[in-house]
Amino acid sequence: MLIKDLMTPNPICGRPDMPVTEAQALMQQHNFRHLPILDAEGKLVGLITQRSLAHAIPSDVRQFSPFVINYVLARVKAQNIMVKDVITIDENVAIEEAARLMADRKIGCLPVMREGRLIGIISDHDLFKAMVNLLGARRAGLRVTVLQPDRAGEVARISGAIAETGGYLSVFVTYPTSDPAVWSSVVKVTNVPENVLVETLSRLPELRVLDVRQG
């Protein structure tokens, strides 16, 4: 899955000279947390986030009434509070690279670019939805977690054993553990009784069933 398969295309954008109150109202109206800012030529020049909005209120006016605060904010422009050093990503990058980048940089979104132009935006919420689909969270079935050696052929060995029981394998996700010699796999299987599936997997040498539950 690539960024272009998951991003929100043609996102709503703001202007550098728009009042912060207008940017805030726009984000609340459309229920999103990030507002790309484009200049008059359509070039991405900044990004407003919920955090930058929260920091827009000077500390010395927080003691005053909402009317006074709104009066102050109406005179603050997007260009005064926006993040200017925006981290972006290409549409043809894999989604796991976007996840790594957001996790490493502690950011909640990435504007998506094509030849220097903004064409979309991908957020941590989009990645959460992808994770739900990849792990089959909305699919019924037996969810089994196993530990197996980190070596070639393990995926084929596990999937082959499941196929021999007549089970339908709808999810297979493998990831490293704290032990470099051991990996963990999560599978979701239908069309086979739980006891048959667990017994079949438990018979595989050097494989340990950690968890079984109805998903």
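Summary of computed values
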| quantity | calculated |
| --- | --- |
| Residue list for segment 180-215, filter: assigned to a strand (DSSP E or B) and under 13 Å from Gly166 (Cα atoms) | Val189, Thr190 |
| Options Val182, Val189: the member that is closer than 15 Å to Leu135 by Cβ, within 32 Å of the chain's Cα centre (by Cα) and modelled with pLDDT of 95 or more | Val189 |
| Helices (runs of 4 or more DSSP H) lying entirely in segment 1-104 (those with 1 or more residues that are polar (S, T, N, Q) and closer than 17 Å to Asp124 by Cβ) | 50-54 |
| Number of the exception - Val93 against (1) surrounded by 16 or more Cβ atoms within 10 Å (Cβ to Cβ); (2) more than 24 Å from Leu134 (Cα to Cα); (3) aliphatic (A, V, I, L, M) | (2) |
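The values are calculated or read from the model by the stated rules, or taken from the named source; none is laboratory data. Not measured: the values here are computed from a predicted model. Here Cβ is always computed from backbone atoms with ideal geometry, including for glycine, and neighbour counts include all displayed protein chains.
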